[in-house]
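Below: one structure, written as structure tokens.
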Amino acid sequence: MSIPFSSTNVRVPVGFQNLLEGLAREVLREQPTDVVAFAAQHFQRLLEQREAGALDPVAWEALLED
């Protein structure tokens with residue numbers, strides 16, 4: 001997926017869209033007052049899950065895109 005930006009194309013990293021959609025769903029579900037702090041906690045949880053051997057959403061998205 002490429003997004004035109006000025007006269008260049010910026011390549012969106014594999015899995016990035018999936019991560020942002022997951023964050024957006026959780027923000028809409030939880031309705032936090034501090035979205036930035038919530039996002040930091042959300043990504044920290046994902047990192048801890050990945051390090052514990054759980055399914056990595058970025059890796060999963062890469063498999064789906066191939």
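Data table
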read-out: Under Karplus coefficients 6.51, -1.76 and 1.60, residue-wise ³J(HN,Hα) of segment 19-35 in Hz, glycine/proline x; value: 4, 5, 5, x, 4, 4, 4, 5, 5, 5, 5, 8, 6, x, 7, 10, 5
read-out: Extension gain (nm, one decimal) between L28 and Q41, 0.36 nm per residue minus Cα-Cα; value: 3.2 nm
read-out: Label-point gap, in nm, between Q17 and D56 - each point 7 angstrom along Cα→Cβ; value: 2.1 nm
read-out: Cβ-based net charge around A54, under 14 Å, with every Lys or Arg adding one and every Asp or Glu removing one; value: -1
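Rule-based calculations on the coordinates, nothing more; no lab input. Bear in mind that the values here come from a model prediction, so they are computed numbers and not experimental data. No Cβ is skipped: glycine too gets one built from the backbone with ideal geometry, and neighbour counts run over all protein chains shown.
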